[in-house]
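Shown next, in structure tokens, is the structure this report addresses.
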Amino acid sequence: MTDETVSETTETRNKRGIGAFLRRVAGAFRRGEAVPADTEQTVTVDPPEESELTVAVEREEGTTELEIEVAWPEEAGEIDTNASASKATFELYEDTEGGWRWRLVHDNGNNISDSGQGYASKQKARQGLESVKRTAPGAAVVDQSTEGSVDPKEISEATFELYEDTGGGWRWRLVHDNGNNIANSGQGYASKQKARQGMQSVTENAPGAEVTGAE
């Protein structure tokens with residue numbers, strides 16, 4: 001059989017963004033689930049229980065490459081080129097005051113994030129959620145309960161702020177570098193750990209989540 005490239009993407013990311021993507025891939029392997037092969041999670045592979053792992057560092061024409069390759073017999077795994085590995089869906093809707101909002105709903109029915117504000121148009125709300133799709137995986141975390149300590153990771157164009165609300169619950173918000181709050185937890189969590197888990201769910205599920213109500 002001739003060689004075939006089923007899917008290939010190239011993009012520039014900072015270390016934090018690369019780490020977020022690799023964690024998503026590693027998590028799928030660890031859980032035994034279909035593994036996303038692209039940022040939007042529209043292409044997935046389902047390798048067998050055991051595969052060949054090759055890690056190589058190469059230099060060529062002034063460029064250094066870190067290559068991580070996982071290989072298995074074609075008949076032992078499956079490829080889905082029309083997949084949705086995300087376990088959440090963005091819902092666009094008009095609020096009672098005529099503004100447009102979005103919420104990110106997990107398959108278990110829980111709202112794991114919302115826009116936190118009303119937009120003047122559906123288009124603006126769609127742009128807002130697209131910003132979350134793009135920036136959440138690479139966003140650092142500022143823990144405001146410990147004098148604003150930052151996770152030792154590369155800062156992207158948005159930052160998660162983790163904080164304790166006036167009722168003693170834990171919340172987060174995603175703040176763009178322009179100062180705008182582009183997403184929040186939409187609820188208070190009983191513990192800081194639960195709030196962090198909520199943020200992690202957004203970083204894993206937002207990039208590939210389908211959007212309903214866009215038409």
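The values are calculated or read from the model by the stated rules, or taken from the named source; none is laboratory data. Here the structure is a predicted model, which is why all the values come from computation and not from measurement. Positions of Cβ are generated from backbone atoms using ideal geometry, with glycine treated the same way; all protein chains shown enter the neighbour counts.
Points to keep in mind about this one:
- When residues in segment 104-137 are screened for being assigned to a strand (DSSP E or B), out of contact with any Leu (no Cβ under 9 Å at 6 or more places or on another chain) and either of a type in the set (Lys, Arg) or within 20 Å of residue 171 (Cβ to Cβ) (or both), 2 of them pass.
- Residue in segment 142-158 that is of a type in the set (Ser, Thr, Tyr), surrounded by fewer than 16 Cβ atoms within 10 Å (Cβ to Cβ) and in a loop (DSSP other than H, G, I, E, B) present: no
- Residue 69 vs. criteria under 23 Å from the mean Cα position of the chain (by Cα) and of a type in the set (Asp, Glu): yes
Residue-wise test of (1) assigned by TED's automatic domain parsing to the domain that holds residue 139; (2) modelled with pLDDT of 90 or more; (3) more than 17 Å from the chain's Cα centre (by Cα).
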| site | (1), (2), (3) |
| --- | --- |
| 5 | no, no, yes |
| 9 | no, no, no |
| 21 | no, no, no |
| 25 | no, no, no |
| 44 | no, no, no |
| 48 | no, yes, yes |
| 51 | no, yes, yes |
| 64 | no, yes, yes |
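- Search result, residues across segment 55-74 that are in a strand (DSSP E or B) and surrounded by 10 or more Cβ atoms within 10 Å (Cβ to Cβ): 68, 69, 70, 71
- Residue 196 vs. criteria over 20 Å from residue 17 (Cβ atoms) and in contact (Cβ under 8 Å) with a residue 24 or more places away in the chain: no
- Criterion: of a type outside the set (A, V, I, L, M, F, W, C), assigned by TED's automatic domain parsing to the domain that holds residue 202, modelled with pLDDT of 95 or more and surrounded by 13 or more Cβ atoms within 10 Å (Cβ to Cβ) - qualifying residue of 131, 113: 113
- Number of residues in segment 13-49 that are over 19 Å from residue 209 (Cα atoms) and not in a helix (DSSP H, G or I) equals 7.
- Residue among 59, 103 that alone is touching a strand residue (DSSP E or B) at 6+ places or on another chain (Cβ under 9 Å), assigned by TED's automatic domain parsing to the domain that holds residue 131 and of a type in the set (D, E, K, R): 103
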